Amino acid sequence: MKILHISLQERGQDDVTLRYFWETPNQYQEHTLSVTEIKELVEQANKNYYTRIPFNLGKIGETLYNFLDKSDRLLATALKQCRQEGCVIAIAMSEELAQLPW
């Protein structure tokens, strides 16, 4: 089974980069996110998931997927590569993002 690694790399004070790679960290694809976008995702998760009665879990999952996939469809493309055999997604994020309901 293949492992898709997704890691968050800081890029200055206002931006971060999501890097996607299979086995070799030096052979990655990436897209850039604003820190504001990440903070909004954390706030939304805190509001919708970490409550007494969670918001629609499917909708939360869709939001997280879209956060990782973006318009360049890096995640969707990677998942198509391992559709037959399956894969594991290993996400390495900062402390703030680690609390999200991945």
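The values are calculated or read from the model by the stated rules, or taken from the named source; none is laboratory data. Being a predicted model, the structure only gives us computed values, none of them experimental. Methodologically, a virtual Cβ is constructed for each residue, glycine included, from the backbone with ideal geometry; neighbour enumeration extends over all protein chains shown. Just the protein is used for accessible areas: all its heavy atoms, side chains included, with ligands, DNA and RNA removed. Shrake-Rupley method; radii C 1.70, N 1.55, O 1.52, S 1.80 Å.
Straightening the chain between Glu43 and Ile91 buys 15.4 nm, computed as 0.36 nm per residue apart minus the Cα-Cα spacing. The trypsin sites (Lys or Arg not before Pro) of the range 45-93 that DSSP puts in a loop, and whose beta carbon has at most 12 other beta carbons within 10 Å, are Arg52, Arg73, Arg83.
Note on the chain: GNM, Cα springs under 10 Å; of Leu41, Leu33, Leu57, the largest mean-square fluctuation is that of Leu57.
Of all the options Ile53, Ile38, Ile91, the one that moves most in a Gaussian network model of the chain with Cα springs shorter than 10 angstrom is Ile53.
Normalised per residue, the accessible area of the chain is 67 Å², obtained with a 1.4 Å probe and no contribution from ligands, DNA or RNA.
Check each of the GluC sites (Glu not before Pro) in the range 19-102 and keep only those in coil by DSSP with at most 12 other C-beta atoms within 10 angstrom; list them in order. Could the numbers behind the result be given before it?
Working: sites: Glu23, Glu30, Glu37, Glu40, Glu43, Glu62, Glu85, Glu95, Glu96; in loops: Glu23, Glu85.
Taking the range 19-102 and a limit of 12 other Cβ atoms within 10 Å, the loop GluC sites (Glu not before Pro) found are Glu23, Glu85.
Which log10 I(q)/I(0) values, to two decimals, does the chain give at q = 0.10, 0.19, 0.22 Å⁻¹ under the Debye formula with one point per Cα? The calculated log intensity ratios at q = 0.10, 0.19, 0.22 Å⁻¹ are -0.29, -1.01, -1.27.
Using helices alone, what [θ] at 222 nm do you get for the chain, with -39,500 (n - 2.57) per DSSP H run of 4 or more residues, divided over all residues and rounded to the nearest 500?
Numbers: 4 runs with 39 residues, N = 102.
So the helix-based figure for the chain works out to -11000 deg cm²/dmol.
Determine the dipole magnitude for the chain: charges of +1 sit on the beta-carbon of Lys and Arg, -1 on that of Asp and Glu, nothing else is charged, the reference point is the Cα centre, and the result goes in debye to the nearest 20.
Once rounded to the nearest 20, the dipole reads 420 debye.
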